[in-house]
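Just so it is clear, none of the values below were taken in a lab; they were calculated from the coordinates. Nothing here was measured: the structure is a model prediction, and the numbers come from that model. When we count neighbours, we look across all protein chains shown, and the Cβ atoms used for this are built from the backbone with ideal geometry, even at glycine.
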C-alpha cells in the first residue's frame, strides 16, 4: 500500500483554511484601526477579567470565571496573531 505524500499536498481545503485565516486577520486589523473598534476589544477583554482572580468559594462560579477568562485569552491571542503591535496598547492605555 502506498503511503500518502503530504509534504507537497496543497489540497483545496487547506487553501480555503489559509484564506479564511487571512480574512479573519484582515477583519481584526480593520476593527483595531478605529478608536471604536479598539474600545470594543478592550471591553471584551475587560469582561473576561484577565487581570482579576477567577477563584470564588463556589466551584461553579470559579469555572464560569475561568471560562470567561479563557475566551478573553482567545481574543487576545487573535489580536496578537493579527496585529502584535496593538497588544500592549490595548492592555495598558485608557480607552480613547
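Please give the helix 12-32 orientation as an angle from the longest Cα principal axis of the chain, in degrees from 0 to 90, rounded to the nearest 10.
With both axes taken from Cα atoms, the answer is about 30 degrees.
Could you state the angle between the C-alpha long axis of helix 59-82 and the longest principal axis of the C-alpha atoms of the chain, as a value from 0 to 90 degrees rounded to the nearest 10?
Approximately 60 degrees, to the nearest ten.
Anyone know which of 50, 28, 17 comes out most mobile in the 10 Å Cα GNM of the chain?
Residue with maximal mean-square fluctuation among 50, 28, 17: 17.
Please report, in Å, the Rg and the Dmax of the chain, where both are computed over Cα atoms only.
For the chain, the Cα-based Rg and Dmax read 18.4, 62 Å.
May I ask you to sort 93, 62 by Cβ crowding, counting other Cβ atoms within 10 Å and putting the fewest first?
Fewest-to-most Cβ neighbours within 10 Å comes out as 93, 62.
Can you sort 12, 66 from fewest to most other Cβ atoms within 10 Å of each residue's own Cβ?
Ascending number of Cβ neighbours within 10 Å: 12, 66.
Working from Cα positions, state the angle (0 to 90°, nearest 10) between the long axis of helix 35-47 and the longest principal axis of the chain.
Long axis of 35-47 versus the principal axis of the chain: about 80 degrees.
Calculate for the chain the 222 nm mean residue ellipticity that helices alone would give, adding -39,500 (n - 2.57) per DSSP H run of length 4 or more and normalising by residue count, nearest 500 deg cm²/dmol.
-22000 deg cm²/dmol
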